[in-house]
1. Sort through Lys279, Lys259, Lys221, Lys247 and tell me the only one that's out of contact with any strand residue (DSSP E or B) (no Cβ under 7 Å at 6 or more places or on another chain), within 30 Å of Val26 (Cα to Cα) and either open to solvent by 50 Å² or more (accessible area, probe 1.4 Å) or in a helix (DSSP H, G or I) (or both).
2. Test Gln272 against the criterion of being outside any loop (DSSP other than H, G, I, E, B) and either more than 25 Å from Ala146 (Cα to Cα) or touching a helix residue (DSSP H, G or I) at 6+ places or on another chain (Cβ under 6 Å) (or both), and give yes or no.
3. Which of the residues that make up region 232-244 are out of contact with any strand residue (DSSP E or B) (no Cβ under 8 Å at 6 or more places or on another chain), part of a helix (DSSP H, G or I) and buried (at least 17 other Cβ atoms within 10 Å of the Cβ)?
4. Pairs, please: C-beta under 7 Å, at least 6 apart or cross-chain, first residue farther than 30 Å from Leu91 by Cβ and in region 269-296, second assigned to a helix (DSSP H, G or I) and open to solvent by 100 Å² or more (accessible area, probe 1.4 Å)?
5. Please identify the pairs in which a residue from region 177-190 that is open to solvent by 30 Å² or more (accessible area, probe 1.4 Å) has its Cβ atom under 7 Å from the Cβ atom of a residue that is modelled with pLDDT under 90, counting only partners at least 6 apart or on another chain.
6. Give the residues of region 29-81 that are farther than 25 Å from His120 by Cβ, among the aliphatic types (A, V, I, L, M) and in contact with a strand residue (DSSP E or B) (Cβ under 7 Å, 6 or more places away or on another chain), sorted by residue number.
Amino acid sequence: ERLRPDVLILLGDRFETFAAAQAALVAKIPIAHIHGGESTQGAIDEAIRHSITKMAHFHFVASEPYRKRVIQLGENPAYVLNFGSPGLDHLKRTPLLDKQSFEKRINFDLGGLSFLVTYHPATLESESPEKGIGELLAALDQFPNAKIIFTQANADTYGRIINVKINEYAKKHPLRAKVFATMGQQLYLSALKNVNLIIGNSSSALTEAPALKKPAVNIGKRQEGRLKALSVIDCEEKKDDIVNAIKKALSPEFQESLKGIVSLYGEGDASQKIKEFLKTVSLDGVIIKKFFDIGI
């Protein structure tokens, strides 16, 4: 009401974002939605994302399959554009730290083998994530020489349980583990660049990690349904499965295959394209949407 924006730009599928979409819908403010059409079958984000798509008027998707899915939801193809993921733009414009500078910034030595662990609750699972994070931590014990950077879980249900467990683990292993509530864009991407492997169930393992040609072990069902590069190794939330996936990711054969990995989420120039589109598109009449029927 105070700002009177011409367009509200929303990214992703979080429940906080859904609240902003509802407010804009009632206020008759056109919505431009980034990262629609994706699928995360293990999280409530799935329903929130598609709901925001139906509230939105312009759609900026990260890949062609996602563009087709948004159109399948009844959106006008003229307003569904595949510009890639804006997250990759940071890899071009954010100066990433080399290993020595990164270690100095975080006051932590990565040593010869290091992991970045980001693990969130799978919000559609009926069980608490306590068992899952326990299996992950037990798997990490099988690599006693690895230095581990943990980032805490997000604000989803049961996230605090995960945070308690990783903080306890770090206290038991102060010389080989360090926990961050949040790292910020530069430090997180620098961590991705300098560690040997990312482990957990974060979307960054599917988007940014392949662009940096880093292997990722994706645990459980949280990211089930998303496009995954060949650098991503899926495994169950079981200690032995996680251990085997880590060993595979670190194997010379798998490391060699990373040289040919291609990003599935664009070239890192999405933000500029989104800006140019919104500068020129007409907003006249867009607030009244018609359902686009495929083949009718």
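1. On the way: Lys259 fails: within 30 Å of Val26 (Cα to Cα); Lys221 fails: within 30 Å of Val26 (Cα to Cα); Lys247 fails: within 30 Å of Val26 (Cα to Cα).
Within the list Lys279, Lys259, Lys221, Lys247, the selection yields Lys279.
2. Values: outside any loop (DSSP other than H, G, I, E, B): yes; either more than 25 Å from Ala146 (Cα to Cα) or touching a helix residue (DSSP H, G or I) at 6+ places or on another chain (Cβ under 6 Å) (or both): yes.
In short, yes.
3. Lys239, Val243
4. Correct list of pairs: Ile294/Gln72.
5. Between residues of region 177-190 that are open to solvent by 30 Å² or more (accessible area, probe 1.4 Å) and residues that are modelled with pLDDT under 90, the close pairs are Gln185/His90; Gln185/Thr94; Gln186/Thr94.
6. Those that are farther than 25 Å from His120 by Cβ, among the aliphatic types (A, V, I, L, M) and in contact with a strand residue (DSSP E or B) (Cβ under 7 Å, 6 or more places away or on another chain): Ile29, Ile31, Ala32, Ile71, Val80, Leu81.
Residues are listed down the side, and each one gets a yes or a no for (1) at pLDDT 85 or above; (2) part of a loop (DSSP other than H, G, I, E, B); (3) within 30 Å of Tyr265 (Cβ to Cβ); (4) more than 22 Å from the chain's Cα centre (by Cα):
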position	(1), (2), (3), (4)
Arg105	yes, no, yes, yes
Gly111	yes, yes, no, yes
His120	yes, yes, yes, no
Glu127	no, yes, no, yes
Gly132	yes, no, yes, no
Ala138	yes, no, no, yes
Pro144	yes, yes, no, yes
Ile162	yes, no, yes, no
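The rows are residues; the columns are (1) outside any helix (DSSP H, G or I); (2) farther than 19 Å from Val80 by Cβ; (3) open to solvent by less than 10 Å² (accessible area, probe 1.4 Å).
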| residue | (1), (2), (3) |
| --- | --- |
| Phe18 | no, yes, no |
| Leu25 | no, no, no |
| Ala32 | yes, no, yes |
| Gly37 | yes, no, yes |
| Ala47 | no, yes, no |
| His50 | no, no, no |
| Lys54 | no, no, no |
| His59 | yes, no, yes |
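The values are calculated or read from the model by the stated rules, or taken from the named source; none is laboratory data. Source: prediction; values computed, not measured. Cβ: placed from backbone, ideal geometry, glycine included. Neighbour counts: every protein chain shown. Ligands, DNA and RNA are excluded from the accessible area calculation, which covers all protein heavy atoms including side chains. Shrake-Rupley method; radii C 1.70, N 1.55, O 1.52, S 1.80 Å.
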